[in-house]
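For reference, the structure discussed in these notes is given below.
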Amino acid sequence: MFENLSKKLFGKSLWLYHCNTGACNGCDIEILNVLTPYYDVERFGMKLVASPRHADVMLLSGAVTRPTLPLVKKAYDALPNPKLVFGVGSCATGGGCWFDSYNVTGGAAGVVPVNYFIPGCPPRPEAIIYAVALALGLVDKQVAPVELKQMEFPIDVYERNKAWEERNTIYQLIQD
Amino acid sequence: MDIVYIVVNIIIFLAFAPLFEGIVRKLTAKVQSRQGPPVIQPYYDLIKLLGKENFIVGNWVFKLAPLMSFAAILSVICFVPLGYTANFLTQYADVITIIYLLTMGGVSILLGALSSRNTFAMMGASREMVTMIMVEPVLAMTFFVGAVKVKSLGIDATIFSVMNTGYSWAVLLMMVLYLMALQAFVGKQPFDIAEAEQEILEGPFIEYSGPNYALFKYSMMLKQMFYASLFVMVFVPFLYTGVYALDIAIQLCEIALVYVVIALVGATNPRLRIDQAVKYYAVLIVLALSAVGLSVYGI
Amino acid sequence: MWLTSKIKQVLMVIKPGVVTLNYPFEKRPVPENFRGAPYWDHEKCIGCGGCANHCPARTILVRDICQEIRVMVYDGSRCTYCGRCADVCPENAITMTDRYELATDDRQDLNESMELFMLTCQRCGRCYDMENVNMIDRMDLQGYRYDNIEARAFIRKTTDRFDPEMLKKTAEYKRPSKIGE
């Protein structure tokens, strides 16, 4: 009986745990900005807790560097079970500028299963609140993949390429 | 018939404690010029915490500690004469039992913290110990001021001593001292050194998650409401009507006013270091002893 | 004393009151020159690849499907919204819009891809004089046209060709020890 009630009320009091995995602190400052009176996120019932065992939501900021990789896994395992992970900032969504550096393992998605990504460098506090509202189901998603095309091509290139592939043995060798 | 009083006590305390905590949070937010959480937010917090997974990090003491703390504060609530009516359990306990049970609640927090095998929990536990030690004499003196006058240690005699024998200088001094010491009783700024100190250290509850943490939080809220109601019962007895339900309603309003004072003081003060808090309390303890001395001489 | 200052502190909040913005329900207009998500205007883009060259996170990729079609893909997951692409574009085809509400649960949602039609030169049908004759050398050039039909099917890379002479020159470069030398 209590479980259904807990599930329904889960969205009304989310507790946030903030984990910085080697960020430049820009995203961390924006996360703390969200708790200031101007953009107050406590009116949704959220508060910042300091121990992952009390928290429901883990906010990851920063491209996950090599020394912090096992620690992020440990912190994720310490969160009790209905849990969400938000990756805040461009570094957490894909590694940012440093995605191919020697010390960076490339963003939060390679370490923990992330529920929501918040791109931005750093994301505006309103963007963070928007992501939280999206997770609670209050607003709709506003991005979708975009494909633009200049004009319809008068040439039938795709079939020509296929014919060429079948004909040329060097291409077959290179493909192997 | 008397069991009704006990049941009403328990129900009122359990139902209203999170509401008053919500009032404190909302008022703190308004003083900081932001819109705070809704007033029933602690109810949501508790129910959500009950639905989370329970990690057991220590041994059997870890599992026992929240239950012990909740049980201690519930037993104290059963004895308390809310509404100016003593129930049948009140004659079986006296003032020393209340002090003992409150200390047992504090000790169970210490047990829970020390069985967590975490350095931060150990530091939080040591601060909680110091807070408990420094707070207890003032609480004891609050009771003894009344006990000395009526020459008995029974709960209803001591708590209603002001109602029965009227105000005196000792009682007024004790009232001021209780208000100044109230913040440490309930564990808010400037004295929330041990428990809610998630900003500086992690506090003694760092390894607790889910339902165990909900029990600890609930016992904290009940302890806050107990201390506020103790102030109302001992020092503000002049709105006494004879009707039970009306008395309870009036007392709840007065408790809400005490909570408003707690919230305002908590929102405007910084957190004191442990040695500064102990120095402040040393002065209060000396003054409390002098209040008891005044009441011995009948002033 | 301290009591009056605490009371003044509580009463001080009456003047501004509650300042919280009712955010998800009422939006505030963004400041000017705000750099949100970039947007390509496909009518103006000429496919020069300048944005791909300047992006610090290498978020923009240029691929040639064949001689006439060039595909430019913007992979939004690493973009730092610096605005260099908009700065360098010769046709002003990229604008940094004011969209900042980009949260999503799937990183593919942030992709933008554009297919461009590249014209051929009117005189000879080829753009540049190729001094490399052999196919292997041409394979690591940028996406320029080919001389013969057989080579058109190869898909080009967009990174520069690695030149061993240039590497030797940089290894032997000596910094001037005095100013003005």
**Asked** If you go through region B:48-67 one residue at a time, do you hit one that is in contact with a Gly (Cβ under 7 Å, 6 or more places away or on another chain), at pLDDT 90 or above and more than 14 Å from chain A (Cβ to nearest Cβ)?
**Response** yes
**Message:** For region B:58-80, which positions are in a loop (DSSP other than H, G, I, E, B) and surrounded by fewer than 17 Cβ atoms within 10 Å (Cβ to Cβ)?
**Reply:** B:Asn59
**Pairs with Cβ under 6 Å, 6+ apart, first in region B:241-260 and at negative phi, second part of a helix (DSSP H, G or I) and among the polar types (S, T, N, Q)** = B:Ile255/B:Ser229
**Asked** What do you reckon, is B:Val24 assigned to a helix (DSSP H, G or I) and under 19 Å from the mean Cα position of the chain (by Cα)?
**Response** yes
**Message:** For region C:1-58, give me each residue that is among the small types (Gly, Ala, Ser) and loosely packed, with under 14 Cβ neighbours inside 10 Å.
**Reply:** C:Ser5, C:Gly17
**Single unsatisfied condition, B:Ile193 versus (1) assigned to a helix (DSSP H, G or I); (2) buried (at least 23 other Cβ atoms within 10 Å of the Cβ); (3) within 18 Å of the chain's Cα centre (by Cα)** = (1)
**Prompt:** All but one of (1) at the interface with chain A (Cβ under 9 Å from one of its Cβ atoms); (2) crowded, with 18+ Cβ neighbours inside 10 Å hold for C:Ser113; which doesn't?
**Reply:** (2)
**Request:** Can you work out which of the residues in region A:58-86 that are surrounded by 24 or more Cβ atoms within 10 Å (Cβ to Cβ) and touching a Gly at 6+ places or on another chain (Cβ under 7 Å) is nearest to the other protein chains (Cβ to nearest Cβ)?
**Result:** A:Ala63
**Complete:** A careful count of residues in region C:85-94 that are over 11 Å from the mean Cα position of the chain (by Cα) and more than 12 Å from chain A (Cβ to nearest Cβ) gives 3
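Conditions tested, residue by residue: (1) within 27 Å of A:Ala63 (Cβ to Cβ); (2) in contact with a helix residue (DSSP H, G or I) (Cβ under 9 Å, 6 or more places away or on another chain).
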| position | (1), (2) |
| --- | --- |
| C:Leu3 | no, no |
| C:Gln9 | no, yes |
| C:Lys15 | no, no |
| C:Val19 | no, no |
| C:Glu32 | no, no |
| C:Trp40 | yes, yes |
| C:Ala57 | yes, yes |
| C:Val88 | yes, yes |
**Item:** Search result, residues across region B:46-57 that are among the charged types (D, E, K, R) and part of a helix (DSSP H, G or I)
**Value:** B:Lys48
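Every residue, every condition in (1) at the interface with another protein chain (Cβ under 8 Å from one of its Cβ atoms); (2) under 18 Å from the mean Cα position of the chain (by Cα); (3) assigned to a loop (DSSP other than H, G, I, E, B); (4) farther than 27 Å from A:Pro82 by Cα, yes or no:
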site	(1), (2), (3), (4)
B:Tyr208	yes, no, yes, no
B:Ala214	no, yes, no, no
B:Lys217	no, yes, no, no
B:Gln224	no, yes, no, yes
B:Tyr227	no, yes, no, yes
B:Leu230	no, yes, no, yes
B:Val234	no, yes, no, yes
**Item:** Count of region A:99-117 residues which are at the interface with chain C (Cβ under 10 Å from one of its Cβ atoms), touching a helix residue (DSSP H, G or I) at 6+ places or on another chain (Cβ under 9 Å) and surrounded by fewer than 19 Cβ atoms within 10 Å (Cβ to Cβ)
**Value:** 2
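For region B:130-155, how many residues meet the condition of being over 22 Å from B:Met104 (Cα atoms) and either surrounded by 17 or more Cβ atoms within 10 Å (Cβ to Cβ) or out of contact with any helix residue (DSSP H, G or I) (no Cβ under 8 Å at 6 or more places or on another chain) (or both)?
Of region B:130-155, the ones over 22 Å from B:Met104 (Cα atoms) are B:145-152.
If we keep only those that are either surrounded by 17 or more Cβ atoms within 10 Å (Cβ to Cβ) or out of contact with any helix residue (DSSP H, G or I) (no Cβ under 8 Å at 6 or more places or on another chain) (or both) too, we end up with B:145-149, B:151.
Counting residues in region B:130-155 that are over 22 Å from B:Met104 (Cα atoms) and either surrounded by 17 or more Cβ atoms within 10 Å (Cβ to Cβ) or out of contact with any helix residue (DSSP H, G or I) (no Cβ under 8 Å at 6 or more places or on another chain) (or both) gives 6.
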**Request:** Consider B:Ala170 carefully, then state whether it is over 19 Å from the mean Cα position of the chain (by Cα) and surrounded by 18 or more Cβ atoms within 10 Å (Cβ to Cβ).
**Result:** yes
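Here's the yes/no breakdown for (1) buried (at least 17 other Cβ atoms within 10 Å of the Cβ); (2) of a type outside the set (Lys, Arg); (3) at pLDDT 85 or above:
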residue: B:Ile255; (1), (2), (3): yes, yes, yes
residue: B:Val260; (1), (2), (3): no, yes, yes
residue: B:Ala263; (1), (2), (3): yes, yes, yes
residue: B:Leu272; (1), (2), (3): yes, yes, no
residue: B:Ala282; (1), (2), (3): no, yes, yes
residue: B:Val292; (1), (2), (3): yes, yes, yes
residue: B:Gly298; (1), (2), (3): no, yes, no
**Request:** Scan region B:28-43 and give yes if some residue there is away from chain A (no Cβ under 14 Å) and part of a helix (DSSP H, G or I), otherwise no.
**Result:** no
**Prompt:** Which members of region A:103-136 meet the condition of being over 19 Å from A:Leu71 (Cβ atoms) and part of a loop (DSSP other than H, G, I, E, B)?
**Reply:** A:Asn115, A:Pro119, A:Gly120, A:Cys121, A:Pro122, A:Pro123, A:Arg124
**Prompt:** Got at least one residue in region C:42-53 being more than 10 Å from chain A (Cβ to nearest Cβ), polar (S, T, N, Q) and within 15 Å of C:Cys89 (Cα to Cα)?
**Reply:** yes
**Prompt:** What are the pairs, 6+ residues apart or on separate chains, where a residue within region B:167-195 that is basic (Lys, Arg) has its Cβ under 7 Å from a residue that is crowded, with 18+ Cβ neighbours inside 10 Å?
**Reply:** B:Lys188/B:Ile262; B:Lys188/B:Gly266
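Please tell me if C:Ile69 is more than 30 Å from A:Tyr39 (Cβ to Cβ), among the hydrophobic types (A, V, I, L, M, F, W, C) and surrounded by fewer than 16 Cβ atoms within 10 Å (Cβ to Cβ).
When the stated conditions are applied, C:Ile69 does not pass them.
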**Fill in**
With the first residue restricted to region C:71-83 and required to be facing chain A (nearest Cβ under 7 Å), and the second required to be of a type in the set (D, E, K, R) and surrounded by fewer than 22 Cβ atoms within 10 Å (Cβ to Cβ), Cβ contacts under 6 Å at 6 or more apart or on different chains are C:Ser77/C:Arg107; C:Tyr81/C:Arg35
**Request:** Identify the residue in region A:1-57 that is more than 9 Å from chain B (Cβ to nearest Cβ), part of a helix (DSSP H, G or I) and touching a Pro at 6+ places or on another chain (Cβ under 8 Å) and, among all such residues, is nearest to A:Val114 (Cα to Cα).
**Result:** A:Cys27
**Prompt:** Is region B:83-103 home to any residue that is of a type in the set (Gly, Ala, Ser), within 14 Å of chain A (Cβ to nearest Cβ) and not in a helix (DSSP H, G or I)?
**Reply:** no
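The values are calculated or read from the model by the stated rules, or taken from the named source; none is laboratory data. As the structure is a computational prediction, the values presented were derived from the model and not from experiment. No Cβ is skipped: glycine too gets one built from the backbone with ideal geometry, and neighbour counts run over all protein chains shown.
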